[in-house]
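Since the structure comes first, as structure tokens, the remarks are kept for the end.
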Ligand code: FES
Ligand code: FES
């Protein structure tokens with residue numbers, strides 16, 4: 001027997017009432033129930049980062065989360081990033097730095113970069129200085145099979161700097 005429960009998700013500033021089957025992931029709820037296909041399904045196992053979104057302001061692999069457990073959460077997907085200053089700056093920097101080839105990883109890279117910059121700003125000892133090595137480390141959960149890493153680091157550095 002399958003079970004479902006009513007939840008409300010606030011996605012990119014809009015409330016959505018859903019009744020997902022308890023087995024549905026947040027990623028599938030976004031893509032299949034809300035039509036937000038920006039977050040990508042790469043591995044579906046928490047290994048590639050293509051599904052990264054911001055959950056209550058923190059980056060998260062949406063393929064590893066059950067939608068039903070996110071009742072009341074605030075979710076930002078790549079579709080909503082342009083509404084924030086840093087998200088818009090990162091999108092512009094990715095274009096200017098040519099920080100992608102196929103683009104499959106890019107929504108996750110962008111969401112992860114927004115989260116990483118916020119984390120760096122809020123370190124307990126004060127804002128962290130993001131060297132290229134530090135940017136690589138903080139974005140290491142987002143793989144790019146096209147190998148666009150050098151340009152991704154340059155784009156994030158532009159905004160971090
Ligand atoms: S699809 Fe979620 S980490 Fe790969
Ligand atoms: S641009 Fe193709 S996977 Fe990153």
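Here are the numbers for the structure shown:
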| item | result |
| --- | --- |
| Selected residue (only one of 133, 141, 126, 72 is within 14 Å of ligand 1 (Cβ to nearest atom) and surrounded by fewer than 22 Cβ atoms within 10 Å (Cβ to Cβ)) | 141 |
| Qualifying residue in segment 41-56 (condition: in a helix (DSSP H, G or I) and in contact (Cβ under 8 Å) with a residue 60 or more places away in the chain) | no |
| Conditions (1) touching a helix residue (DSSP H, G or I) at 6+ places or on another chain (Cβ under 9 Å); (2) within 14 Å of ligand 1 (Cβ to nearest atom); (3) in the same structural domain as residue 128 (by TED's automatic domain parsing); (4) assigned to a loop (DSSP other than H, G, I, E, B); number of the one not met by residue 112 | (4) |
| Flag if residue 94 is part of a loop (DSSP other than H, G, I, E, B), outside the structural domain of residue 12 (by TED's automatic domain parsing) and either at pLDDT below 95 or more than 14 Å from ligand 1 (Cβ to nearest atom) (or both) | no |
| Odd one out for residue 59 among (1) touching a helix residue (DSSP H, G or I) at 6+ places or on another chain (Cβ under 7 Å); (2) in the same structural domain as residue 11 (by TED's automatic domain parsing); (3) part of a loop (DSSP other than H, G, I, E, B) | (3) |
| Selection from segment 64-90 of residues that are within 13 Å of the chain's Cα centre (by Cα) and under 15 Å from residue 34 (Cα atoms) | 74, 75, 76, 77, 78, 79, 80 |
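Okay, residues lined up against (1) assigned to a loop (DSSP other than H, G, I, E, B); (2) touching a residue at least 24 places away in the same chain (Cβ under 8 Å):
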residue: 116; (1), (2): no, yes
residue: 125; (1), (2): yes, no
residue: 135; (1), (2): no, yes
residue: 142; (1), (2): yes, yes
residue: 150; (1), (2): no, no
residue: 154; (1), (2): no, yes
residue: 158; (1), (2): no, yes
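The values are calculated or read from the model by the stated rules, or taken from the named source; none is laboratory data. Note that the structure is predicted; figures quoted are calculated from it, not measured. With ideal geometry, Cβ positions are generated from the backbone for all residues, glycine too; neighbour counts draw on all protein chains shown.
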